[in-house]
Every structure is written in structure tokens, then in C-alpha cells.
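Engineer: For reference, the structure I am asking about is given below.
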Amino acid sequence: MHDLTLLQLFNEDIAAARRLLELIEAEYQALGARDLPRLEVLLGEKQPLLALLGEHGQQRSRIMQELQLSADRAGLEALAARSAQGAELLARGDELAALLEQCQAANLRNGRIVRTGQASVRSVLGILRGGDTPTLYDSRGGTARTTLQRPLSQA
């Protein structure tokens, strides 16, 4: 009975993880194009999938605890050894784990792009405000730092 429930959760989560991976890839494209309205839509589509995956993960953990098994690959192998659907459980568990790893890697890539963009915006704003001016040379040939801060409206 528990093995069938786990199998159903795996199948639902595999579909959700595939869709999430598609959305993360679309997010990558939108980040490259700086398409903020599209990013907002994608975020709205990602949130329910993430909630579903989290909820199902908790359900799988509870089921494994009820069976007095660990909620990892070793626990799944122990359950598979005593289940008629053992091979399918392992295959679906591995498929879900691989999809989630792909989602995580793609999400980390997107996060790096966001952080790079934020750093660029901070740098440009600093220059416009006069705080992060490049090093300039003074009349004696030495380097001089301009420390004049000015509001953005006067940049």
C-alpha cells in the first residue's frame, strides 16, 4: 500500500519537476532578454510547483518514517527489496532525483546571472552618484580619488 502511494507521488513529482525545469529554462531566456514581465509570469508559475514538490517530499518522508526506513536512497532500496513494484520505485526515485539535480543546477546558473546583473546595476548607480568613480590622475601624475557624493538627480 505504501509502495503504491510512493510510486504515485514519484510520478506526480516527475511531471512537476519536468515542468519546473522547462520554466527555469524559460527563465534563463527571459533573464538574457531582460524581459521582466515574462520573469514575473514565470515566477508565478514556478511557485505552485515548488510548493507541490515540497509537500510531496514531506509526504514521502513521513511514509518512510512510518515504515521505519530512512528517507534516502538506502531506505528506498530496502522498501524496493520487499515490494512487488521495487524496480519501478527505484527507477522513478532515480528519475526524480536526476530531474531535481538538473533543476538545482539550472536554478544556480540563473541565480548567478541575477547576481551579476545586480552587481552591474550597483556599479552604474555608484558611478552616477559619484561614489564609485574610476581612479583618475591628478596634475602631478599621481592617482586621485574623487570622494564627492552627489544625488542621482545631479549626476
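Engineer: Test Ile63 against the stated conditions and say whether it is part of a helix (DSSP H, G or I) and in contact with a Lys or Arg (Cβ under 9 Å, 6 or more places away or on another chain). Can you show your working first?
Structural biologist: Numbers: part of a helix (DSSP H, G or I): yes; in contact with a Lys or Arg (Cβ under 9 Å, 6 or more places away or on another chain): no.
Taking the combined requirement at face value, the residue does not satisfy it.
Engineer: Inspect all residues belonging to segment 32-46 and state whether any of them is open to solvent by less than 80 Å² (accessible area, probe 1.4 Å), among the acidic types (Asp, Glu) and without any contact (Cβ under 8 Å) to a residue 12 or more places away in the chain.
Structural biologist: Yes, that holds for at least one residue.
Engineer: Within segment 87-95, is even one residue farther than 17 Å from Glu12 by Cβ and either part of a helix (DSSP H, G or I) or modelled with pLDDT under 95 (or both)? Give the derivation first.
Structural biologist: Kept after step one, since they are farther than 17 Å from Glu12 by Cβ, are these residues of segment 87-95: 87, 90.
Now drop any that are not either part of a helix (DSSP H, G or I) or modelled with pLDDT under 95 (or both), which leaves 87, 90.
The answer is yes, given that some residue of segment 87-95 is farther than 17 Å from Glu12 by Cβ and either part of a helix (DSSP H, G or I) or modelled with pLDDT under 95 (or both).
Engineer: Just checking, which of Leu42, Leu4, Leu23 is modelled with pLDDT under 95, on the phi < 0 side of the Ramachandran plot, in a helix (DSSP H, G or I) and of a type in the set (A, V, I, L, M)?
Structural biologist: Details: Leu42 fails: modelled with pLDDT under 95; Leu23 fails: modelled with pLDDT under 95.
Just a single option satisfies the conditions, and that option is Leu4.
Engineer: Looking at Ala144, Ala155, which is the one that is over 30 Å from Glu25 (Cβ atoms), among the aliphatic types (A, V, I, L, M), modelled with pLDDT under 95 and loosely packed, with under 12 Cβ neighbours inside 10 Å?
Structural biologist: Ala155
Engineer: Name the pairs: first residue in segment 79-99 and under 14 Å from Leu4 (Cα atoms), second residue assigned to a loop (DSSP other than H, G, I, E, B), Cβ to Cβ under 7 Å, at least 6 apart or on different chains?
Structural biologist: Cβ pairs passing all conditions: Leu79/Leu67; Leu79/Leu69; Leu89/Ser83.
Engineer: Can I ask one more? Count, please, the residues in segment 6-31 that happen to be in contact (Cβ under 8 Å) with a residue 12 or more places away in the chain, open to solvent by less than 90 Å² (accessible area, probe 1.4 Å) and closer than 17 Å to Glu95 by Cα.
Structural biologist: Restricting attention to segment 6-31, the residues satisfying the condition of being in contact (Cβ under 8 Å) with a residue 12 or more places away in the chain are 6-7, 9-14, 16-21, 23-28, 30-31.
If we keep only those that are open to solvent by less than 90 Å² (accessible area, probe 1.4 Å) as well, we get 6-7, 9-14, 16-17, 20-21, 23-28, 30-31.
Those left that are additionally closer than 17 Å to Glu95 by Cα: 6-7, 9-14, 16-17, 20-21.
Total satisfying the criteria: 12.
The values are calculated or read from the model by the stated rules, or taken from the named source; none is laboratory data. Treat the numbers as computed from the prediction; the structure is a model and nothing was measured. Methodologically, a virtual Cβ is constructed for each residue, glycine included, from the backbone with ideal geometry; neighbour enumeration extends over all protein chains shown. Quick note on the areas: whole protein, heavy atoms, side chains included, nothing else; ligands and nucleic acids left out. Shrake-Rupley method; radii C 1.70, N 1.55, O 1.52, S 1.80 Å.
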